[in-house]
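Participant: Sharing a structure here in structure tokens format.
The values are calculated or read from the model by the stated rules, or taken from the named source; none is laboratory data. All figures in this text were calculated on a predicted structure; none of them were measured in a lab. With ideal geometry, Cβ positions are generated from the backbone for all residues, glycine too; neighbour counts draw on all protein chains shown.
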Amino acid sequence: MMKKINIISMFIFVLFLVSCDKDDKVDNKIDLKFPDLKYTVWEGTKNHVYFDDTKVTDDVYILFLSESRGNSIVSGKTSSQQRDFEYVINDRLLTIEGQTVNFTNHFLNGDWLLTEMGVNRMVLVKDLHNRRDKYILELRKNNSVDNQ
């Protein structure tokens, strides 16, 4: 009986050694985090990408006034919009809730997923799961405001 227990123990031990590899990556976590946004200005583009890969591009300027409020200007070829908004950050998700004026929603309303982050650059995507169309915000931090 003791011999069987030793054989089973040895088998489990060998199985454990064979299954572990030093090169295996256990941590598949994407380490993307929002910077502290309050008192920062970001500018860039909002691309509305359609299912046939055509896209409409608008210019975007965002001022984050505090840890939960901001102001944006979104301007394109046919329309322009300046609105105040409230926002919440939850891990890699930025949720923007802007004012509705004359039955028109804020152009940036919704959940934006942070997909790329650099020192002074971030890319956010809305409706990533949508096959019909999605939105991509490509923003650069305006450092000239920090130097004043």
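Participant: How many of the residues in the range 67-85 are loosely packed, with under 15 Cβ neighbours inside 10 Å and among the basic types (Lys, Arg)?
Facilitator: Adding up the residues that qualify gives 2.
Participant: Pick from Asp58, Asp91: which is of a type in the set (Asp, Glu), in contact with a strand residue (DSSP E or B) (Cβ under 6 Å, 6 or more places away or on another chain) and at pLDDT 90 or above?
Facilitator: Asp58
Participant: How many of the residues making up the range 86-106 are surrounded by 13 or more Cβ atoms within 10 Å (Cβ to Cβ) and β-branched (Val, Ile, Thr)?
Facilitator: Within the range 86-106, residues that are surrounded by 13 or more Cβ atoms within 10 Å (Cβ to Cβ) and β-branched (Val, Ile, Thr) number 3.
Participant: Still on this structure: For Leu37, only one of the following conditions fails: (1) at pLDDT below 95; (2) assigned to a strand (DSSP E or B); (3) surrounded by 15 or more Cβ atoms within 10 Å (Cβ to Cβ). What is its number?
Facilitator: The number of the failed condition is (2).
Participant: What is the number of the single condition among (1) more than 19 Å from Glu138 (Cβ to Cβ); (2) at pLDDT 95 or above; (3) among the acidic types (Asp, Glu) that Glu97 does not meet?
Facilitator: Result: Glu97 passes all but (2).
Participant: Check every one of the strands (runs of 3 or more DSSP E) wholly within the range 107-148 and list those with 2 or more residues that are within 9 Å of the chain's Cα centre (by Cα) and surrounded by fewer than 17 Cβ atoms within 10 Å (Cβ to Cβ).
Facilitator: Fully inside the range 107-148 and qualifying: 110-117.
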